[in-house]
1. Using a 1.4 Å probe and ignoring any ligands, DNA or RNA, find the accessible area of Val307 and quote it in Å² to the nearest 10.
2. I'd like the accessible area for Thr345: 1.4 Å probe, protein heavy atoms, all chains in place, Å² to the nearest 10.
3. Please report, as a whole percent, how much of the solvent-accessible surface of the stretch 297-360 comes from carbon and sulfur atoms (probe radius 1.4 Å).
4. Using a 1.4 Å probe over the heavy atoms of the protein chains, calculate the carbon and sulfur portion of the accessible area of the stretch 130-170 as a whole percent.
5. Would you mind checking which residues have amide H under 5 Å from Leu237's amide H? H placed 1.01 Å from N; only 5 or more apart, or other chain.
6. Based on the mean of other beta carbon atoms within 10 Å per residue, what is the order of 292-305, 171-184, 352-365, most packed first?
7. Using a 1.4 Å probe on the protein chains only, how many percent of the accessible area of the stretch 176-276 belongs to carbon and sulfur?
8. Normalised by the residues of the stretch 240-349, what does the relative contact order come to in percent, with Cα pairs under 8 Å and at least six apart?
Amino acid sequence: MEFLRSLKKDDILDLFSHSFCSKCQALLHSRITTLRKRKLDETCSTDEGFESSLDMPLNGSASNSQSLTGRNGKQWDNPRNSSQRRDSATSVNKSLVGCKQSDFELLLNDGICEDSSFKNGLSEEKKERIRYSLVCCRKDFTFVEKVNSRHINVVQGLELHTEVFNALEQKKIVEWIYRLQWRGKQGKLKDRTYSEPRKWMRGKGRVTIQFGCCYNYAVDKSGKPPGIMRDEEVDPLPPVFKQMIKRMVRWNIIPSSCIPDSCIVNIYEEGDCIPPHIDHRDFVRPFYTVSFLSECKILFGSNLRVVCAGEFAGPICISLPVGSVFVLNGHGANIAKHCIPSVSTKRISITFRKMKQSKLPYKFSPDPDLVGIKPLAFSSLNKSDKAQDEVRNLNIQQHKAESVESESDIVCNTEKASFRVK
């Protein structure tokens, strides 16, 4: 086996291309084709250093998957222990190699049931219609403040879309993010893509992974101001993130006229936060934040107060459930500041943004996968409670016909605790 691994592609082809009968040749060709397809699916990366880890099992166990989310495992309980982090990164790497690009494409276009190979007899359009019907949207955020002698609803333009990504999709996306984090720790991403605090202090810093552009948060050592650094390069958007963008455009969350071309991943450990700020004008409004692992609070207001390290006070508090997409636009993006107080447990968010044309990196080129995406025809329809009940009942009936273990595997809970900011 070691000898075969040492051979080059041409040597292997020469070795297996002689002295076989027609049946054996056909069988060999089929096996090689299957193996090649599996290897292509195992990773979308061409980085040789990362591909060297792909000789591990293709399917992680359930216990591995649970530990990756940080909900049942304890490897993330003490995030400030550096040796513990290294051990966690190693276990993450071993468990994630079974995460195939084709899985994401299937999950992010279906997502109806936990087993993507489940035969439910529904067309792809009907399955997507059912998933879309379960998304709830709130746009009625209201809080009036006096700004520059004018009374303004400072949260006008905010939207919260819940149930956009179901539990299985969230798990797969988080696994992909852990893979990216591991690559960043190993130096396998471009220099400015991955960053983490040199020394952790409460209320200071968090792990970030940037794609599409390099954003400078503050004046750096060379005197460059905050904003997009046009002469710096980072890695392009990963395929799974592009699938997420397609989902949000198709479901009319992201307008087709403002498709994001960059994003930042924030990985929060217990105690991490984001201080009060307004996103830089180098980015077009709106922008979109997707939440994972744990629900958290985001504060808004024209004036937010720092209580102590990592703790803030403001007049408006909004909960961001896991799997939701929070849209920042209008006064909510331009007048009100926002912040994330110190989180009590591990959290991950992805914020997608579109760069201004005049601020694009010098070596930037549009991604052809994100060109020409259009919303689905039914995504502009009003989703009444009655319509949601009808498609939910249809979904349950379809799955019962196939002896599904429980309704909870099929239908996301759409009963939301309604709240109104006063």
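1. Roll a 1.4 Å probe over it and Val307 shows about 80 Å².
2. About 60 Å², rounded to the nearest 10.
3. Numbers: 1120 of 2220 Å².
Answer for the stretch 297-360: carbon and sulfur cover 50 percent of the accessible area.
4. C and S atoms contribute 48 percent here.
5. So Leu237 has HN proximity to Gly212.
6. Most protected by this proxy first, the peptides run 171-184, 292-305, 352-365.
7. 47 percent
8. Here the relative contact order equals 38 percent.
The values are calculated or read from the model by the stated rules, or taken from the named source; none is laboratory data. All values reported here derive from a predicted model rather than from experimental measurement. With ideal geometry, Cβ positions are generated from the backbone for all residues, glycine too; neighbour counts draw on all protein chains shown. Each accessible area value is taken on the protein alone, full model and side chains, heavy atoms only, with ligands, DNA and RNA left out. Shrake-Rupley method; radii C 1.70, N 1.55, O 1.52, S 1.80 Å.
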